[in-house]
Amino acid sequence: MSSIPTRFDVVVVGAGPAGSAAAYLLAKKGFSVLLVERGKGLGDKNMFGGKVYAQPIREVWPELDKEAPIHRWVTKERISMVDGEKVLTVEYRTEKKVSFVTYLTQLTQWMIKKAEGAGALLASEVTVEEILMRDNRVVGIRSGPDVIEADAVIDAEGVNRLLLERLGLVKKLDPDTVGLGVKEVLKVGEGNIESRFGLDKKEGLAWAIVGDITKGIPGGGFIYTNKDTVSMGLVLHLSKKLLDEGSFEGHVSSLIEGFRLHPYFKPYWKDAIISEYGGHLTITDAIKFAPSRFAYPGLLIAGDAAGLLLSLGYTFRGVDYAVYSGKLAADAVEYARNNGGVNYENLQVYDDYIRKSFMYEEIMRHRGAITLMNSFELMSKYPKLLTKVMEKMFEAEYKHEVIYNSLLQALKEEGISPFNLISQAFMMVKGI
Amino acid sequence: MRIVVGMKWVPGTTSVRIDPKTGTLIREGVPSIVNPHDMPAVELSLRLKDKYKGEVIAISMAPPPALKGLEYLIGMGVDRGILVSDRAFAGADTLATSYVIAKTIEKINREIGKVDLVIFGQETIDSSTAHIGAQTASWLNWPYIYYVHDAKFVDSKFVVERVLEDAVEEWEVELPAIIATHMKALKPRPVRLINKIRYKVEKPIMTWTNAELKLDPRCIGLKGSPTIVSKTVNVPEVPRKKIVYTPKSGEDAAKWIIETLMKDDKASKVLMKYLSMEGEAQ
Amino acid sequence: MSQSKGEEKPIKLEDILQSDVWDVDEDPHIIVDSEKCLECPTKPCIYLCPAGCYVKAGDRVIFSYEGCVECGTCRVICPMDAVKWNYPKSGKGILYRFA
């Protein structure tokens, strides 16, 4: 086995969006790259909500729009507030190709093939068990009895960062920083998608739902229209408060079932067959989740493992952030090579790259959203208030209330003072 | 020794569902895997190689996606893979398949080196015929032993152990021979990183089409397959009784199970029949 | 096995899970110290594991790894630190196709 290389310039752990982007760019820049993936190499361990922002990914793959497995470009964004069977929905329509819907399994597969095409060596079906450290410096990885050394290791292992925990660089996952995403993929049929959601060919819809759809647990619901299926599900913010109270109304699948059977939503997937069911953790508090540094001696942390996910309640950005952090990691390795070698001092620029990136700025700028969305109170109060206003306005058999009075009455019934409303609404607008 | 091991690339049948309208299998999006019952065969071949040196060649007759399966086996430590793939082989039953496999083994024997042993799994999860081992042995006129769970050389004689329900038998076998492993015989080893790197660097895979094998078109594919599937019947779903009993002890659990079964007409008959047979045997 | 229709009536989780595909590992990738579960006051895994791998039986928690969707929730929420969690080896485990 002497001809088999056991040393690479860079080892990338995890062939998700972050790892594939890093491996692709590094291979293109002439580095020898080993990309290690625990799945069968087809994106089969990847799971997400459904929507991807395109522009940061185009910086890595300008051919994205033309080549990638894009199901539909999002032309309609909807937000619904739910209180029981009452629903208030806002819709926005655009023509611009800002975000698209797809299966992450397919998109990742495309990215992995790009990385392989550029010359990265993909070793799939291999679980990395340890990132190896020697003299306070990361020197490689271990899987079973096999050790592979590298000048730099890029950790793109995802949200469940077992390797970083084992290294002692991060603490065990804190429930206050993550949420559980549960998703069903419902086969509706291409024609039905278009007629039921009012979409043209290749047009897609992204839909965020807040209110008691999560039965009082902070979080929300989502619906995305794929080519011939609908992805729908819930994100439930895990928290010490939730766990301490321990008062669950039932199994989490009953919450998603309540959503699926909700009279307002269920006509959209009439006669649909369930194609897939899955669960995944998502980052809800990126700042608390982030490791204290993004670059360590010999180690760069990218994607979910680095906490790079923007969660605003009405939209989520994870895939493009992952890809972009993979790009920055590749940039950092290249910078190091061009400035005297891939050593720690030079690799440290990655920490700067991340902190000065639009991603980090966005996460910092929107940090108020986290507090708001983690609030058990707010997540149920405002949807309730607004649906109540609508109720006063529309549910009249003879006399309709003027809007102002509807609002005042609703506030009174919900026990919210107008002053509180204004200050909290201001906080919300400012924070999100 | 040179060992050839057979692999079938099968849909992960745990999730193959049936279209309620047409009664056909829905294969859309169902990923394929290495037939799990082939795993003990691969493991045995690798243990023999660990012990007696030589090489292990994995073969599979399948369309090109089965390369993923050969990659997996090379990841476990198999030395190389041969994919036997041609449109002319499509639609083969076990007879036509075993013919192609036998001819492949003959070609390996001629061109790569003498084959000492061929190992198959017990059966496949997508058809469960357990034909291939026996049929291949018939074509080659080699000895065949099945339900094997171990094999070794004892004083230069090759001895295989096979498990039956109530006994373990030892057989001395003259090589070359064909054996089929028992489905739970051995736990397969995991895929290793170093082997996956080797797969990518050395690409130890060959594809043989019928241009290389030059087999009579009447003996292969659909034409070489006398098997006819006359009808498929779906086994009706048995309604569950949904009874949960929390026993106080093991004895209590056994007692409860017997009592409950005795209350059921059908179950009590089966139970009584079995108990009376036990009585006769004593 | 029949298919699960998405609307109209409730569907059991075990039927919903029929839509998923696994290549099940021989070895469990999660080990639960069930002695610790006996002492656990809230047992949140029973409600929050999306695949229903944790089932309550009296004071006990019965765990099975085969239908795990590898989200890692149980590892995060377990108040007793009873869950030893690894990723499956050799590409085994859940195989997402439309996720």
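Every number here is computed from the coordinates shown, using simple stated rules; none is lab data. Values in this document were obtained by computation on a predicted structure and should not be read as measured data. For neighbour counting, all protein chains shown are included, and Cβ atoms are generated from backbone atoms with ideal geometry for every residue, glycine included.
Overview of results
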{"quantity": "FRET efficiency estimate (nearest 0.05) - Cβ-Cβ, A:K399 to B:C219, R0 60 angstrom", "calculated": "0.10"}
{"quantity": "Hypothetical label at C:N86: residues of region B:181-195 whose amide nitrogen lies under 11 Å (7 Å Cα-Cβ projection)", "calculated": "B:190"}
{"quantity": "Prolate/oblate/rounded call for region B:2-219, Cα gyration tensor, a/c under 1.5 rounded", "calculated": "rounded"}
{"quantity": "Under the Karplus curve 6.51 cos²θ - 1.76 cosθ + 1.60, θ = phi - 60°, whole-Hz ³J(HN,Hα) for region B:90-105, x wherever Gly or Pro sits", "calculated": "5, x, 6, 8, 5, 5, 5, 5, 5, 5, 4, 5, 4, 5, 5, 5"}
{"quantity": "Vicinal HN-Hα couplings computed from phi for region B:248-263 (Karplus, 6.51 cos²θ - 1.76 cosθ + 1.60; Hz; Gly/Pro x)", "calculated": "7, 7, x, 5, 4, 4, 4, 4, 5, 4, 4, 4, 5, 5, 5, 6"}
{"quantity": "Residues C:K12 and A:K270, FRET efficiency given R0 of 22 Å [Cβ-Cβ distance, rounded to 0.05]", "calculated": "0.60"}
{"quantity": "Trypsin sites (Lys or Arg not before Pro) within region A:1-110, DSSP loop, no more than 10 other Cβ atoms inside 10 Å", "calculated": "A:K96"}
{"quantity": "Gap separating the Cα centres of region C:78-99 and region A:92-119, nearest whole Å", "calculated": "25"}
{"quantity": "For peptides C:61-67, C:72-78, sequence by mean Cβ density within 10 Å, most packed first", "calculated": "C:72-78, C:61-67"}
{"quantity": "Cβ neighbours within 10 Å from other chains - mean over A:246-253", "calculated": "6"}
{"quantity": "Computed over region B:150-282, Kirkwood Rh from alpha-carbon pairs, angstrom", "calculated": "23.1"}
{"quantity": "Set A:K66/A:K96; A:K113/B:K68; A:K40/A:K113; A:K97/A:K202; A:K388/A:K412; A:K28/A:K97 screened for pairs whose C-alpha atoms are more than 20 Å apart", "calculated": "A:K28/A:K97"}
{"quantity": "Approximate spin-label separation B:K242-A:S375, in nm, with each point projected 7 Å along Cα-to-Cβ", "calculated": "4.3"}
{"quantity": "Potential extension, A:K113-A:E91 segment - 0.36 nm per residue separation minus Cα distance", "calculated": "4.3 nm"}
{"quantity": "Using alpha-carbon coordinates, inclination of helix A:17-28 to the longest axis of chain A, degrees", "calculated": "30"}
{"quantity": "Under 18 Å from the Cα of B:K231 - lysines, other chains or at least 8 residues apart", "calculated": "B:K21"}
{"quantity": "Label-point gap, in nm, between A:S292 and A:N338 - each point 7 angstrom along Cα→Cβ", "calculated": "3.2"}
{"quantity": "Cut-off under 5 Å, modelled amide H: who pairs with C:S90 long-range", "calculated": "A:T127, B:V191"}
{"quantity": "Listed pairs A:K288/C:K36; B:K51/B:K184; B:K196/C:K89 exceeding 25 Å between Cα atoms", "calculated": "A:K288/C:K36"}
{"quantity": "Choice from A:S99, A:S32, A:S417 with maximal GNM fluctuation in chain A (Cα, 10 Å cutoff)", "calculated": "A:S417"}
{"quantity": "Compactness of the protein assembly as shown - radius of gyration and Dmax, Cα, Å", "calculated": "29.4, 102"}
{"quantity": "Whether chain A is rounded, prolate or oblate, judged on the alpha carbon gyration tensor where a/c under 1.5 counts as rounded", "calculated": "prolate"}
{"quantity": "Net charge of Cβ neighbours under 9 Å - reference A:R72; Lys, Arg +1; Asp, Glu -1", "calculated": "+2"}
{"quantity": "Debye-sum result for region A:274-432 in log10 I(q)/I(0), which assumes one identical scatterer on each alpha carbon, at q = 0.12, 0.20, 0.21 Å⁻¹", "calculated": "-0.69, -1.15, -1.21"}
{"quantity": "Extension reserve of the B:N109-B:K269 stretch, reckoned as 0.36 nm per residue once the Cα distance is removed", "calculated": "52.0 nm"}
{"quantity": "Listed residues A:H71, A:H251, A:H262, most fluctuating in chain A (Gaussian network, C-alpha, under 10 Å)", "calculated": "A:H251"}
{"quantity": "Under-5 Å amide H pairs with A:V87, H placed in peptide plane, nonlocal only", "calculated": "none"}
{"quantity": "Whole-number percent relative contact order across region C:28-94, with pairs defined as alpha carbons under 8 Å at least 6 apart", "calculated": "41"}
{"quantity": "Distant-in-sequence amide H partners of A:G219 (H built 1.01 Å from N, under 5 Å)", "calculated": "A:H237"}
{"quantity": "Rounded, prolate or oblate (a/c below 1.5 giving rounded, otherwise prolate when a/b exceeds b/c) for region A:44-116 by Cα gyration tensor", "calculated": "oblate"}
{"quantity": "For region A:226-242, Karplus couplings with θ = phi - 60° (6.51, -1.76, 1.60), whole Hz, Gly/Pro x", "calculated": "8, 4, 10, 10, 10, 9, 9, x, 10, 10, 10, 5, 7, 7, 4, 4, 4"}
{"quantity": "Net charge dipole size for region B:2-219 [Lys, Arg +1 and Asp, Glu -1 on Cβ; Debye, nearest 20]", "calculated": "920"}
{"quantity": "At 1.002 mPa s and 20 °C, Stokes D of region C:28-94 from Kirkwood alpha-carbon radius, µm² per second", "calculated": "179"}
